[in-house]
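Read through the structure below, which is laid out as structure tokens, and then see the notes.
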Amino acid sequence: MRRFVFALMLMTIPCATGCLRAQVMQNTNYEQELQHARSLVAGETSTDIPHHIHYDLKLYDHDGHQSTATYDIYRDPGVYERIEIKAGDYQLTWINNVRDKKDWLHFTGDKPLKIFDFGQAVDSPHSAIDRFSQEADQIEKMEPQQLQGAPLLCANDNDGTAICFNPLIHLFAYAQMFNRTIMYDQWLPIGIHSVPGSIRIYEDKKLLVEVTGTVEAIKTFPPHLMEIPEMPSQTDPGKAHKVVSYKPSDTSQPRYGNIETRVSVDEKGQVTKADVVDSDDKHLDGVVRKFARSVVFEPQLENGQPVPFDTTIYTEYYPFP
């Protein structure tokens, strides 16, 4: 039975830029390689040094229109992390005071779907890793392979998902989720850790997100950068409206994709209208639109009375075996 991942927010392996060819070499354990890679990625351990990562993004919607964005990460390990995103009308600042266990969020506009895509892949293929964690007994032993002449070490679940590491530096290089491809390259050192200097996300052969990054060590961050402002934190839009129920969706398509849907909700919490704003894969628009119409929210109250409202939901379509 397949399972629908609802990320409200709610794999045949076609290659985006070239196919993998097996070679005869020694197998390696996936879990060991995963833990090794995670220990090398900046932001995963307390041995990080303070640093600033800057990403320039090129985003492509389902009609091929290009837009740009910036994504900045400031980290002072064990003290705080700050993320700033600018993408057209959408701007976000998130401050997490790790030491005092407080966080603060402020944003304008709706998050572009391709920013959502990038957030799932910013330092590792999170969705593929999560899937593997739920099907550990189905992961084959890792095998050396090649992509465009470059060596890789890959794990496969035989149901459309693969994760590959660069065997020379033991960091992520490639992930495949049905028709979705994520490629990591040009890893940049920061202390004893690294950040990806190049990330590309494809749907089939269509480029969705192209990212270039830089990283710098920071001796001392400006004091105001880690301070939580006096103005109140906004509610995380993904948690602003509680979902009461929804109908199971058709998960028969062996495809992967994220979809941004704008819904209108009446006083009873019933969805009266669902429009796809953007999607990674048009093949999924119909099934996700039908799913969105089935969602029932907890009614929104103003002055004690239920009122209609509009909201945006992000759906991750990922059929599980």
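With a 1.4 Å probe and all protein chains left in place, how much of the accessible area of the chain comes from carbon and sulfur atoms, in whole percent?
Values: 7870 of 15790 Å².
Carbon and sulfur: 50 percent of the exposed surface of the chain.
Where a ≥ b ≥ c are the square roots of the eigenvalues of the C-alpha gyration tensor, would you call the chain rounded, which needs a/c under 1.5, or, failing that, prolate if a/b is larger than b/c, or oblate? Here the chain falls in the oblate category. The slack between Val98 and Ser46, meaning 0.36 nm per residue of separation minus the straight C-alpha distance, is 17.6 nm. Placing R0 at 35 angstrom, the Cβ-Cβ distance between Ser264 and Gln138 gives a FRET efficiency of 0.30 after rounding to 0.05.
Spacing of the modelled spin labels on Ser198 and Gln148, each 7 Å from Cα toward Cβ, amounts to 0.7 nm. Using the Cβ-Cβ distance between Thr235 and Arg293 with R0 set to 25 Å, the FRET efficiency works out to roughly 0.55. Annotation: aspartates and glutamates with alpha-carbon distance below 16 angstrom to Lys101 (same-chain offsets under eight excluded): Asp76, Glu81, Glu227.
So which of Lys111/Lys206; Lys239/Lys273; Lys206/Lys247; Lys102/Lys247 end up more than 24 Å apart, counting from Cα to Cα?
Over 24 Å Cα-Cα: Lys206/Lys247; Lys102/Lys247.
Per residue, the accessible area of the chain comes to 49 Å², computed with a 1.4 Å probe over protein heavy atoms only.
Does region 59-205 come out rounded, prolate or oblate, given a ≥ b ≥ c as the square roots of the eigenvalues of its C-alpha gyration tensor, rounded meaning a/c under 1.5 and, failing that, prolate meaning a/b above b/c? Here region 59-205 falls in the prolate category.
Per-residue ellipticity at 222 nm computed for the chain from its helices equals -3500 deg cm²/dmol, with DSSP H segments shorter than 4 residues left out and the rest contributing -39,500 (n - 2.57).
Between Ser245 and Gln32, what length comes free when the chain is fully extended (0.36 nm per residue of separation minus the Cα-Cα distance, one decimal in nm)?
Details: separation 213, 0.36 × 213 = 76.68 nm, distance 3.87 nm.
Full extension from Ser245 to Gln32 adds 72.8 nm.
Remark: the Asp63-Asp159 segment gains 31.6 nm on full extension, using 0.36 nm per residue and subtracting the alpha carbon distance.
Based on the Cβ-Cβ distance of Thr220 and His126, what FRET efficiency does E = 1/(1 + (r/R0)^6) give at R0 = 35 Å, to the nearest 0.05? Display every interim value, and only then the final one.
Numbers: r = 31 Å, r/R0 = 0.89.
Once rounded, the FRET efficiency stands at 0.65.
The values are calculated or read from the model by the stated rules, or taken from the named source; none is laboratory data. Here the structure is a predicted model, which is why all the values come from computation and not from measurement. For neighbour counting, all protein chains shown are included, and Cβ atoms are generated from backbone atoms with ideal geometry for every residue, glycine included. To get the accessible areas, we keep the full protein, side chains included, count just its heavy atoms, and leave off ligands, DNA and RNA. Shrake-Rupley method; radii C 1.70, N 1.55, O 1.52, S 1.80 Å.
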